[in-house]
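The values are calculated or read from the model by the stated rules, or taken from the named source; none is laboratory data. Keep in mind the model is a prediction, meaning the values are calculated, not measured. Backbone-built Cβ (ideal geometry, glycine too); neighbour counts: all protein chains shown. Note: areas computed on protein heavy atoms with side chains; ligands, DNA, RNA excluded. Shrake-Rupley method; radii C 1.70, N 1.55, O 1.52, S 1.80 Å.
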Amino acid sequence: MLHVEVKSPKTHTSHATTPADNTASAEPGIGELEQAALADGTAPAERGAAELEQAALASAERALVSGGWGARVVGRLPGVAVVLVLAGVAVPLGRVVPVVGGPVFGIVLGVLAGVLVPGLRRERLRPGYDFAAKNLLQLSIVVLGTGLSLQQVVRVGGSSLPVMLGTLTVALGGAWVFGRLLGVRGDTQTLIGVGTAICGGSAIAAATAAIGAKRSSVAYALATIFTFNVVAVLAFPPLGHLLGLGPEAFGLWAGTAINDTSSVVAAGYAYSQSAGDQALVVKLTRSITLVPIVLTLVLLKSRREARTASVGQAGGVGAQPRKLPWRKLVPLFLVGFVGAAGLRSAGVVPEGWQAGLALSGTFLITCALAAIGLSLRPAELRAAGIRPLLLGAILWIAVAAASLLLQLVTHTL
């Protein structure tokens, strides 16, 4: 407990004691939050330990910034080292169990490590975690862009495009409608919708980098995508045989209705070699829709922030949204993603580099998710309940059914 001694005014003084005098008599070194707590008679712990923790973190960040580039690098090293160790364990586990994947193992190991070893959540490690969760996440998206060949996108042809765009609309529209009905709003609603619509973990990573989503939302979205990826890998091949789907039809179904690339590959090649080839190409084509989706998310977020700032400056009367800088509208990591895909399509990136680049991209995204897991509090997940998982289930079923229906309508089934 913090002990504060307040001296009573002496009776022989000729002047009245002012509030400032009482404040000055408090024990030196008390922060503003603690002083406010004392003023209304509540203890600092009751006033909000989270606020004190945030104030301490902000103070540490200001100290790092004022110390220059070298101080920032040194301050991040301990946290980054922890993240690298966890990612070094998670990525091999993901290769052994590809249906789960390194990124999911990364966030799970991060949460477990934070719970079992409380020292890993010390504030001096936080700058490294924040660096990995933001900067390494953005870098991973750029590296993953080298796996997208625009020639493959063109080869898929216009016949499958209606199915892909239709399922994309169902996923995003369904996230908006059912998210409102279930009370799943904000970052969680956005990430589950984007992850279901495009490419699972990679899309969640890109959307997180674009909108700065909360840690709990990222964890819930990944858990939801992972759950239904496993169900799809097990259920799609027998369902495909039951429905009598040909290799191309099954490949299109798997490529549009299963989220993560590893799960698409697992389900496609479990059906047949040609179905796996088709599913992979469809999946890569879906990935290119990441560009307009992320741009839209950035635009909406930036406009909202600009409008809020303008209202605050103008007192809410006649405020006009500020003009948005181009860096807010077009994130550099998205430029890098498109540039990397262009280099791959132009043949600048050798085919022999693909395996190494894919592994590097997976390692970087695993580092970012391990950092998010280390910063996550289990109470944040418990507070959301089961509703996000229910939203994921509804979207997954809706997209799977829409893919088959659209193939039937477009005569590609």
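Identify, from the list GLY240, GLY251, GLY212, GLY255, the residue that is at positive phi and small (Gly, Ala, Ser).
Numbers: GLY240 fails: at positive phi; GLY251 fails: at positive phi; GLY255 fails: at positive phi.
Sole residue among the options that is at positive phi and small (Gly, Ala, Ser): GLY212.
Find the residue count for segment 90-137, including only residues that are closer than 27 Å to VAL338 by Cβ and open to solvent by 50 Å² or more (accessible area, probe 1.4 Å).
Final tally of qualifying residues: 4.
Before we move on, is PRO237 in contact with a helix residue (DSSP H, G or I) (Cβ under 6 Å, 6 or more places away or on another chain) and under 22 Å from VAL104 (Cβ atoms)? I'd like the intermediate steps shown before the answer.
Details: in contact with a helix residue (DSSP H, G or I) (Cβ under 6 Å, 6 or more places away or on another chain): yes; under 22 Å from VAL104 (Cβ atoms): yes.
The answer is yes for PRO237.
For GLY48, are the conditions met, namely being open to solvent by less than 50 Å² (accessible area, probe 1.4 Å), part of a helix (DSSP H, G or I) and modelled with pLDDT of 55 or more? Give the derivation first.
On the way: open to solvent by less than 50 Å² (accessible area, probe 1.4 Å): yes; part of a helix (DSSP H, G or I): yes; modelled with pLDDT of 55 or more: no.
No.
I need the full set of residues from segment 149-166 which are modelled with pLDDT of 75 or more, open to solvent by less than 40 Å² (accessible area, probe 1.4 Å) and not hydroxyl-bearing (Ser, Thr, Tyr), in order please.
Of everything in segment 149-166, those that are modelled with pLDDT of 75 or more, open to solvent by less than 40 Å² (accessible area, probe 1.4 Å) and not hydroxyl-bearing (Ser, Thr, Tyr) turn out to be VAL163, MET164, GLY166.
Kindly provide the set of residues from segment 333-349 that are open to solvent by 70 Å² or more (accessible area, probe 1.4 Å) and in contact (Cβ under 8 Å) with a residue 60 or more places away in the chain, ordered by number.
Within segment 333-349, VAL338, LEU343 meet the criteria.
Return the pair list, or none, for Cβ contacts closer than 8 Å from residues in segment 172-188 that are more than 19 Å from ALA257 (Cβ to Cβ) to residues that are among the basic types (Lys, Arg) and surrounded by fewer than 13 Cβ atoms within 10 Å (Cβ to Cβ), at least 6 apart or on different chains.
Close Cβ pairs satisfying both conditions: GLY179/ARG185.
Sort out which residues of segment 350-393 are outside any helix (DSSP H, G or I) and open to solvent by 20 Å² or more (accessible area, probe 1.4 Å), and write them in order of number.
First, pick out the residues of segment 350-393 that are outside any helix (DSSP H, G or I): 350, 376-377, 385-386.
PRO350, ARG377, GLY385, ILE386 - these are the residues of segment 350-393 that are outside any helix (DSSP H, G or I) and open to solvent by 20 Å² or more (accessible area, probe 1.4 Å).
Determine which single condition GLY110 fails, assuming it passes every other condition in (1) within 26 Å of THR285 (Cα to Cα); (2) out of contact with any Phe, Trp or Tyr (no Cβ under 8 Å at 6 or more places or on another chain); (3) touching a residue at least 24 places away in the same chain (Cβ under 8 Å); (4) not hydrophobic (A, V, I, L, M, F, W, C).
(1)
Condition first: under 22 Å from the mean Cα position of the chain (by Cα), farther than 22 Å from VAL233 by Cα and not aromatic (Phe, Trp, Tyr). Can you find one or more residues in segment 387-406 that meet it? Lay out the reasoning, then the answer.
Initial filter on segment 387-406 (under 22 Å from the mean Cα position of the chain (by Cα)): 387-396, 399.
Filter once more, keeping what is farther than 22 Å from VAL233 by Cα: 387.
From the residues that got through so far, the ones that are not aromatic (Phe, Trp, Tyr) too are 387.
Taking every residue of segment 387-406 in turn, at least one turns out to be under 22 Å from the mean Cα position of the chain (by Cα), farther than 22 Å from VAL233 by Cα and not aromatic (Phe, Trp, Tyr).
Residues that are within 17 Å of the chain's Cα centre (by Cα): which helices (runs of 4 or more DSSP H) entirely in segment 63-156 hold 1 or more of them?
Details: elements: 68-96, 102-116, 126-131, 137-144, 150-156.
In segment 63-156, 68-96, 102-116, 126-131, 137-144 are the helices (runs of 4 or more DSSP H) which contain 1 or more residues that are within 17 Å of the chain's Cα centre (by Cα).
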